[in-house]
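Comments concern the structure below.
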């Protein structure tokens, strides 16, 4: 089992970036022969912790001790020399080289000044055999599945000096069988005495493989627990920073009013999704949205909410299922189709998928509308100005005028510009992916009020947020997602944070 | 790495080899006198310079870059060589190392800019093309014939290969063949060579794996400059003169040979052997057109351009098949934001 | 409204200033640089020469501006110019009496059409096949000159139809005729890109193809169009080049034009990374390059030196546009640099 003395200790580690405290006095320790999982939601600091450990970042304060001796690696190479190795989700290997070469490149066995290929291949085979992997090591890496590639990545970092292995989201692209295989390998490595840091957002997997769990929230250390002593519901609650007792039921009473007005089935259904799914993205799901309804998608990080939105909006092409808009079967396999059908989509990554920082506010706002009209039905500069000014006013966008570059606006106002773009197209269905992230409290409320007003005017809204209380406050119905699948739908009195968390923990 | 069975990796080389054999056969059938061993050796004699710059270009393209300056640096080398020999009366023993150094320096300069400031290779080497050609004219606007005894002796040297008749290889061909063999060794058996492939496969991964990416990238361009200079010396032996308009369009011939030889322009995949075959294909197309007699020799350009298009299309097709696998990654990545 | 800030924020300010610096330099150091004479009702002089010689490259630059704005590149333009010259020369030809083989106007239209087709080919490779622009246009870069040489049977083809000379050598209202072609093209392009939504879409696609896709913009057709237009411009440019010397030389027509054109676009303020573009800036860029060449020539330096100078201008511009370089320089001055 685990030793009393940790092989690695990170004490009161802090790391700051301009405007953000990535890590604040975080403690963390690893024991030999243990799998230790670090869990947390957005902004928890997991990746920063890993980057400090692997020498990509240098901590601003605090110390790291390896076997009791202080260390301060200043690069991944330095960390590797200390025996700290990381394997990432993207499998940082070279797909064009052979398996054997990937394992040994940079440290190939040499003979007479030349690379000793037979020895290279032999050694590679032996290394993989230790992980119970038996493949032709002379084939190029790209000819093998991601699961095998990950094993190769792990094999590369395992040599006699390896003490700590970090696995960052290793299971995101694996199917059930491959996960089971990986876990067999991890368990063997653990039993051989390796200290393993395992980062994942899959709840069930954590409980399968981890001996110990550390929870971070907003860069702060919440606690370290033995897996066997931490019930799932507690884990979720702690990740979200909630105490089990302090749930708001306030929204529930409002909900009954809302649901009663919406139960008359005479209203038009805007969206009906049947068995829409894409392997590797999200399991097939159903979803309906009626006029004036706000359906919230609630789930933990990585549960598949954005994937769901991307399928509905046509960014990804589903390989099964169908979408009905206003009762009519519609082929949605590109954002353009979706927009023509009357949809709009505010991406959660507004910086790289949403606004154009180098275009003016006016241009950003009219873009989707102009896109729908095409090249020749030009919206005159004057009309553009009118539309932009109207949006600026009604959304309360703080900008001196509509002709300044969007990059000069604050985050909250940029989000409003993105929202304005879609509102200008007068959609029947608006999908909002984390519209309140990274925005000050005042703006958050403004946006949520806006969403409620829009639904009152008949617009359908799909609302995604990591903050369960926001989802609860805005939505008439909530779809609960977990581990890339929709597991439940909550209506009426069930729409509260407590129920959402219990559903996720219960894991249907 | 090289297996005797035909698999996905070896396929491009066999395609190119097949193409060459096909053309040689067609020529032999269509034209009397075509099927001769000396004709085969002539391919090496006439295209020795292309083999050498092709080697440099292969390394650059495998690493994911491109070098458009090779033709101009070759021309500059011929100018400087002939000028130093004829006008400054320097000895070849001094001149040859000097111009080789010049080639390395020019390549190093470009590689340094590209690597250190993350500048696009095609623009920097396109500017290098202009720079080198401009410098050519600075040296001399007219042709400089070489009367130097040593050069003349070497140029007329013939390595006789008496089997199957009176056949020979000239000195520049010998240099080229030896160089290609050295390059084959470098690409397959040295850490430098393998790092080049790694960078082309995934530069980010190569960095994370601890490979000396920065140094290697600069070295690749320096090596290409060396190849251009060496090719220039070889070319000078071939023409026994220095002429500023030399090498016009040569970079394209080199790129075409590399692509036809199975190297991907996107990097990571390719071989020196493939380039050798690609140069032979290039050479034989020219010979076919000459034998044909009526076709404008510029048809070579068109045929080469078409072959490049064909091979690029094939590459694109294979890339998109491999790209399917990438979808898994992308779908998963978007879900994970820490 | 003409405040200092609005003046320095205007994108055209730097190209104009650069050109002004060159002109002022010539004012002091080159005798008779600005001298303009009137002969036969036409204006003559160094300045007029600059504008005349810059015309073919300015036309290329206009087409290339839109391509570069989409974060693309077209290195085949020089070869396409040669094709244009070859086609029109072969069609017009003419015997020593000056009678053309085919009607002049039709021949010109055919030449330009062929080049537009070539551009469409490039656009097809980039937008439908998904090839990288540098690779896609490399093919015509290689094959184009071959096609031009085959069209002219590898000979210099001379033209004898005098009306055709108007394009490159003629004058209208005292000014060289080619200026009017450039001006008309500029006005037309400006109206089409700024008067419709095309300009906005081009910028959006160049700035961020993903976000453009999410906003419902069909990038494929836009990409196809800008490369076709670049081919069209190369065709037009080839007509002027051919007309200027009344012959088509497949080997030399348009030789090394592509770097001049790319340089003109970049000097004019459009970034190689795509996004906001400036047609006026590209024309000024072409003037800057031509003025540079003429200045060098006026000093008795061999004209080929201008190639060396151009190369260094490219290096400097690329460095100035590079984040890494700016960071290093800022660091050297001890300024705080944000990561």
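Residues checked against (1) away from chain B (no Cβ under 12 Å); (2) over 30 Å from residue C:132 (Cβ atoms); (3) touching a helix residue (DSSP H, G or I) at 6+ places or on another chain (Cβ under 7 Å):
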| residue | (1), (2), (3) |
| --- | --- |
| C:230 | yes, no, yes |
| C:237 | yes, no, yes |
| C:255 | no, no, yes |
| C:261 | no, no, yes |
| C:266 | no, no, yes |
| C:276 | yes, no, yes |
| C:297 | yes, yes, no |
| C:319 | no, no, yes |
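For the range A:291-322, how many residues are part of a strand (DSSP E or B) and surrounded by 19 or more Cβ atoms within 10 Å (Cβ to Cβ)?
6
Does at least one position in the range A:214-225 carry a residue that is surrounded by fewer than 21 Cβ atoms within 10 Å (Cβ to Cβ), farther than 26 Å from residue A:500 by Cβ and in contact (Cβ under 8 Å) with a residue 12 or more places away in the chain?
Checked the range A:214-225: no residue is surrounded by fewer than 21 Cβ atoms within 10 Å (Cβ to Cβ), farther than 26 Å from residue A:500 by Cβ and in contact (Cβ under 8 Å) with a residue 12 or more places away in the chain.
Checking the conditions here, which among B:167, B:189 is away from chain C (no Cβ under 14 Å), touching a strand residue (DSSP E or B) at 6+ places or on another chain (Cβ under 6 Å) and modelled with pLDDT of 85 or more?
B:189
Which of the residues spanning the range A:128-161 are closer than 14 Å to residue A:188 by Cβ and surrounded by fewer than 21 Cβ atoms within 10 Å (Cβ to Cβ)?
If the condition is that a residue be closer than 14 Å to residue A:188 by Cβ and surrounded by fewer than 21 Cβ atoms within 10 Å (Cβ to Cβ), then A:129, A:130, A:131, A:132, A:133, A:158 are the ones that fit.
Whether any residue in the range B:169-179 is surrounded by fewer than 17 Cβ atoms within 10 Å (Cβ to Cβ), touching a helix residue (DSSP H, G or I) at 6+ places or on another chain (Cβ under 9 Å) and at positive phi is what I want to check.
The answer is no, given that none of the residues of the range B:169-179 is surrounded by fewer than 17 Cβ atoms within 10 Å (Cβ to Cβ), touching a helix residue (DSSP H, G or I) at 6+ places or on another chain (Cβ under 9 Å) and at positive phi.
Please give the number of the condition residue A:107 fails out of (1) in contact with a strand residue (DSSP E or B) (Cβ under 7 Å, 6 or more places away or on another chain); (2) farther than 26 Å from residue A:171 by Cβ.
Residue A:107 satisfies all of (1) in contact with a strand residue (DSSP E or B) (Cβ under 7 Å, 6 or more places away or on another chain); (2) farther than 26 Å from residue A:171 by Cβ except (1).
If you check residue B:84 against the conditions, is it touching a residue at least 12 places away in the same chain (Cβ under 8 Å), part of a helix (DSSP H, G or I) and touching a helix residue (DSSP H, G or I) at 6+ places or on another chain (Cβ under 8 Å)?
So residue B:84 fits the description; yes.
Only residues that are more than 10 Å from every other protein chain (Cβ to nearest Cβ) and either outside any loop (DSSP other than H, G, I, E, B) or within 31 Å of the chain's Cα centre (by Cα) (or both): list them for the range A:125-143, please.
Scanning the range A:125-143 gives A:125, A:126, A:127, A:128, A:129, A:130, A:131, A:133.
Pull up the range B:125-155, narrow it to residues that are without any contact (Cβ under 8 Å) to a residue 24 or more places away in the chain and out of contact with any helix residue (DSSP H, G or I) (no Cβ under 8 Å at 6 or more places or on another chain), then point me to the one that is nearest to the other protein chains (Cβ to nearest Cβ).
B:142
Out of the range A:170-191, which residues are within 11 Å of another protein chain (Cβ to nearest Cβ) and either in contact with a strand residue (DSSP E or B) (Cβ under 6 Å, 6 or more places away or on another chain) or surrounded by fewer than 17 Cβ atoms within 10 Å (Cβ to Cβ) (or both)?
Selection gives A:175 alone.
Going through A:344, A:412 one at a time, which residue ends up being within 30 Å of the chain's Cα centre (by Cα), part of a helix (DSSP H, G or I), more than 9 Å from chain C (Cβ to nearest Cβ) and under 24 Å from residue A:463 (Cβ atoms)?
A:412
Residue-by-condition table, conditions (1) at pLDDT 85 or above; (2) under 16 Å from residue C:262 (Cβ atoms); (3) assigned to a helix (DSSP H, G or I):
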site: C:284; (1), (2), (3): yes, yes, yes
site: C:287; (1), (2), (3): yes, yes, yes
site: C:295; (1), (2), (3): no, no, yes
site: C:315; (1), (2), (3): yes, yes, yes
site: C:320; (1), (2), (3): no, yes, yes
site: C:334; (1), (2), (3): no, no, no
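Mind counting the residues in the range B:192-207 that are more than 9 Å from chain A (Cβ to nearest Cβ) and farther than 16 Å from residue B:272 by Cα?
Total satisfying the criteria: 1.
Looking only at the range A:40-78, filter to residues that are within 11 Å of chain B (Cβ to nearest Cβ) and in contact with a helix residue (DSSP H, G or I) (Cβ under 7 Å, 6 or more places away or on another chain); which one of those is surrounded by the fewest Cβ atoms within 10 Å (Cβ to Cβ)?
A:56
Would you point out the residue of the range C:173-221, among those that are facing chain A (nearest Cβ under 10 Å) and not in a helix (DSSP H, G or I), that is surrounded by the most Cβ atoms within 10 Å (Cβ to Cβ)?
Applying the filter and picking the extreme gives C:215.
Go through C:148, C:82, C:89 for me and flag whichever is under 21 Å from the mean Cα position of the chain (by Cα), part of a helix (DSSP H, G or I) and either at pLDDT below 90 or more than 14 Å from chain B (Cβ to nearest Cβ) (or both).
Exactly one residue qualifies, and that residue is C:148.
Test residue A:14 against the stated conditions and say whether it is modelled with pLDDT of 90 or more and under 26 Å from the mean Cα position of the chain (by Cα).
Spelling it out, residue A:14 is indeed modelled with pLDDT of 90 or more and under 26 Å from the mean Cα position of the chain (by Cα).
For the range C:99-131, what are the residues that are within 14 Å of chain B (Cβ to nearest Cβ) and more than 21 Å from the chain's Cα centre (by Cα)?
Once the filter is applied, which keeps residues that are within 14 Å of chain B (Cβ to nearest Cβ) and more than 21 Å from the chain's Cα centre (by Cα), the range C:99-131 yields C:124, C:125, C:127, C:128, C:129, C:130, C:131.
Which of the following residues is in contact with a helix residue (DSSP H, G or I) (Cβ under 9 Å, 6 or more places away or on another chain), within 14 Å of chain C (Cβ to nearest Cβ), surrounded by fewer than 22 Cβ atoms within 10 Å (Cβ to Cβ) and in a helix (DSSP H, G or I): B:302, B:218?
Every option except B:302 fails the conditions.
Taking the range A:79-119 as the search range and keeping residues that are assigned to a strand (DSSP E or B) and loosely packed, with under 15 Cβ neighbours inside 10 Å, which one is farthest from the other protein chains (Cβ to nearest Cβ)?
Applying the filter and picking the extreme gives A:111.
Testing residue B:210 on (1) surrounded by fewer than 21 Cβ atoms within 10 Å (Cβ to Cβ); (2) within 11 Å of another protein chain (Cβ to nearest Cβ); (3) assigned to a helix (DSSP H, G or I), one condition comes back false. Which one is that?
Evaluating residue B:210 over (1) surrounded by fewer than 21 Cβ atoms within 10 Å (Cβ to Cβ); (2) within 11 Å of another protein chain (Cβ to nearest Cβ); (3) assigned to a helix (DSSP H, G or I) leaves (3) as the failure.
Looking at the range B:238-248, is at least one residue in a helix (DSSP H, G or I) and touching a helix residue (DSSP H, G or I) at 6+ places or on another chain (Cβ under 7 Å)?
There is at least one residue in the range B:238-248 that is in a helix (DSSP H, G or I) and touching a helix residue (DSSP H, G or I) at 6+ places or on another chain (Cβ under 7 Å).
Please state which one of B:272, B:233, B:289, B:284 is more than 9 Å from chain C (Cβ to nearest Cβ) and surrounded by fewer than 18 Cβ atoms within 10 Å (Cβ to Cβ).
Exactly one of B:272, B:233, B:289, B:284 is more than 9 Å from chain C (Cβ to nearest Cβ) and surrounded by fewer than 18 Cβ atoms within 10 Å (Cβ to Cβ), namely B:289.
Kindly check whether there is at least one residue in the range C:57-70 that is at pLDDT 75 or above, under 30 Å from residue C:161 (Cα atoms) and part of a loop (DSSP other than H, G, I, E, B).
There is no residue in the range C:57-70 that is at pLDDT 75 or above, under 30 Å from residue C:161 (Cα atoms) and part of a loop (DSSP other than H, G, I, E, B).
Might you check whether a residue that is modelled with pLDDT of 85 or more and within 22 Å of the chain's Cα centre (by Cα) occurs anywhere in the range B:287-294?
Yes: the range B:287-294 contains one or more residues that are modelled with pLDDT of 85 or more and within 22 Å of the chain's Cα centre (by Cα).
The values are calculated or read from the model by the stated rules, or taken from the named source; none is laboratory data. In this text, all values refer to a predicted model and were calculated from it rather than measured experimentally. Don't worry about glycine lacking a Cβ; one is built from the backbone with ideal geometry, like all the others, and counts go over all protein chains shown.
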